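The values are calculated or read from the model by the stated rules, or taken from the named source; none is laboratory data. Bear in mind that the values here come from a model prediction, so they are computed numbers and not experimental data. A quick note on method: Cβ atoms are made from the backbone with ideal geometry, for glycine too, and the neighbour counts reach across all protein chains shown. Just the protein is used for accessible areas: all its heavy atoms, side chains included, with ligands, DNA and RNA removed. Shrake-Rupley method; radii C 1.70, N 1.55, O 1.52, S 1.80 Å.
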Amino acid sequence: MSVLVRNNVMVEGQPWGRPMVFAHGFGCDQNMWRHVWPAFADSYRIVLFDHVGAGGSDIGAFDRERYSTLAGYAGDVLDICRELGLEDVVFVGHSVSAMIGVLAAADEPERFGSLVLVGPSPRYIDDEDYVGGFTPQDIEGLLDSMDSNYLGWSSAMAPVIMGNADRPELGRELTNSFCRADPEIARQFARVTFTSDNRADLARVHTPALILQCAEDPIAPEAVGRYVERALPGSTFVQLEATGHCPNLSAPDETVAAIRAFLGA
Amino acid sequence: MAPDAAPPPDPDLLGESAQDLYENAPCGYLACSPEGLILRVNRTFESWTGHDRETLVGRPFHSLLTPAGQIYHETHYAPLLQMQGAVREIALEIVRADGSRLPALVNSVRQPEREGRPAIVRTTIFDATDRRRYEQELLGARRRQQDIALELQRSLLSGALPEGDALQVAVVYEPAVTGLEVGGDWYDAFRLPGEKAVALVVGDVVGRGVTAAATMGQLRSATRALAGTGLGPAALLDALDEFVARHDVGRMTTVAYAELRLDTGAVRYACAGHPPPALLQPGREPELLWEGRSVPLDAGVGTGARPEAGTHLLPGGSLLLYTDGLVERRSRPLGVGLDELLAELAAQRDNLPADLLSGVVGALEDDRHVDDLCVLLAHRPGGGAG
């Protein structure tokens, strides 16, 4: 199985440009970057992909054990970089993929030139003095509520959701198709994401990093962004005016401008 | 047009002003800014949640949700609304003013900016209290069904394995994790009466679900009872054929059956349509036992007596019985799986029996666990460096 098929890798932009890899977070797929990556396509080589279990990835490649920690997802990022021969990568990771990028850059620092961390959080659950924003009960509640929301994904729809290469119109008819995911996999991804603790990994990273912090982000509050700033040597913290957790969708211009300023500096 | 028919009532006389329709609609109604700040709510929403509009207006919609709901809102709801312009049927819980929770189904449509009016997001909230309760019951029933089936399977596989200085038995049994239904794989190992010998069995009933599990239980008991009469492998399979045909249960079941003498290591074995047992002897390449083969139980072809064969388990040697879940994959021919099994046995031959078994299973098993997996390893201690 080719890595490029497994992760539904799309390559755009300039073949000889500096590579820019965009990684989506928990919830949806590479469409999360649709308003951001075109702004960089004139000078960068753009690489988009779906995590296994999301979007157009090969669901059959899901391996419960490999993806039982974020390291498995970081391994996929490195696989993609190796497969495409990427060097001096600008890695742009949203939400949990910010930490996936941190893990990848810690393991193979020579591949990465810059990290752009959009709404990063190294730990979502509070721990003594550390405020992540959530209690263990909150996260259990999330897993339960996902059960409620997947009731609509009846077994009759499963073959459609699992991807019909020969009948793509079936997929398009689905509502919420950008956030489609195999329920079992999504549940495990949710658990792995929201119970992970990558605080100790931050110190292993020396790649220049940009932290993009939204206002009123209920998932990654400002205190968490500031924690990442303190823990990542030489990082740059930028407070966006955008609110919520997805500035790549709600405020793409501001997001693009912040990334440009960081990369141009 | 029929002149006598009474004209339909003038809609204007129904007292349904737009204002009334909005305020007292049978659903909660919210208008939010594209950033999610509540701009306007209707009376229904106020009365359902206990929040009044003065406290609601200007507040982010997501702040009314449970912490779990806030995560779901930010990771699914808001992105979908941005990308599709609408979201439908999202299950969220709204926290009422008194702290209780309103299970709701939420739909939103983004109304783009036009003719000088700013863009807004229109949201309707449906009370889903009863529906959510019913969903919880259904989910609970599904989990219970799965638990019952697994429990049944476990109880049907009960019984202590024989142990002692002359024999070590290790087992791996992993039900498929996909789907709700249990399968019909089974294993067994027990002492034969009056003899210094044990019977080793691995079988595979066709089909899945509680029926397959119950069939497995019957065949397992029948095998035990028949083995106790001293038939030997071939005659035992013949008797099982008759059992299956007479009681119309478990047709096409496959079985590998072996009897091992603990004093001499002599092995008699027979396979009814089952993958060949593997033999790992000290100082030799691992091999598959391809003799003593015949069709699955009551397969409806051939009536002759089934064959059996013999071999010898040396001290320090191991005999492996397994179901096809260990070696068969849709993505590769069976022969490849069998070759891999032999290679793994050779590579891990110096491990202790339990480690050997878990090592081989770990290397060969399908991470997707689409099929049940049942492997039994009988090891004859001794023989020095084994």
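At-a-glance table
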{"quantity": "Entirely in segment B:167-217, the strands (runs of 3 or more DSSP E) that have 2 or more residues that are among the β-branched types (Val, Ile, Thr)", "calculated": "B:168-174, B:197-208"}
{"quantity": "Qualifying residue in segment A:79-89 (condition: surrounded by fewer than 24 Cβ atoms within 10 Å (Cβ to Cβ), within 14 Å of chain B (Cβ to nearest Cβ) and without any contact (Cβ under 8 Å) to a residue 12 or more places away in the chain)", "calculated": "no"}
{"quantity": "Residue that is farthest from the other protein chains (Cβ to nearest Cβ) [pool: residues in segment A:208-223 that are surrounded by fewer than 23 Cβ atoms within 10 Å (Cβ to Cβ) and touching a residue at least 60 places away in the same chain (Cβ under 8 Å)]", "calculated": "A:208"}
{"quantity": "Whichever residue in segment A:140-150 is touching a Lys or Arg at 6+ places or on another chain (Cβ under 9 Å) and surrounded by fewer than 20 Cβ atoms within 10 Å (Cβ to Cβ) and, among such residues, is nearest to residue A:222 (Cα to Cα)", "calculated": "A:143"}
{"quantity": "Count of residues meeting criterion [within 13 Å of chain A (Cβ to nearest Cβ), more than 30 Å from residue B:176 (Cα to Cα) and free of Cβ contacts under 8 Å to residues at least 40 places away in the same chain] in segment B:111-147", "calculated": "3"}
{"quantity": "Conditions (1) surrounded by fewer than 19 Cβ atoms within 10 Å (Cβ to Cβ); (2) under 43 Å from the mean Cα position of the chain (by Cα); (3) within 14 Å of chain A (Cβ to nearest Cβ): number failed by residue B:26", "calculated": "(3)"}
{"quantity": "Options B:17, B:100, B:63; residue that is open to solvent by 10 Å² or more (accessible area, probe 1.4 Å), farther than 13 Å from residue B:125 by Cβ and within 14 Å of chain A (Cβ to nearest Cβ)", "calculated": "B:63"}
{"quantity": "Tally, over segment B:116-125, of residues that are outside any loop (DSSP other than H, G, I, E, B) and surrounded by fewer than 15 Cβ atoms within 10 Å (Cβ to Cβ)", "calculated": "1"}
{"quantity": "Search result, residues across segment A:5-14 that are surrounded by fewer than 18 Cβ atoms within 10 Å (Cβ to Cβ) and at pLDDT 95 or above", "calculated": "A:10, A:11, A:12, A:14"}
{"quantity": "Residue that is within 14 Å of another protein chain (Cβ to nearest Cβ) and either more than 22 Å from residue B:69 (Cα to Cα) or open to solvent by less than 30 Å² (accessible area, probe 1.4 Å) (or both), where the choices are A:234, A:244, A:264", "calculated": "A:244"}
{"quantity": "Qualifying position, being more than 23 Å from residue A:244 (Cβ to Cβ), open to solvent by 10 Å² or more (accessible area, probe 1.4 Å) and under 44 Å from the mean Cα position of the chain (by Cα), among B:50, B:36", "calculated": "B:50"}
{"quantity": "Selection count where residues are of a type in the set (A, V, I, L, M, F, W, C) and more than 9 Å from chain B (Cβ to nearest Cβ), scope segment A:23-38", "calculated": "4"}
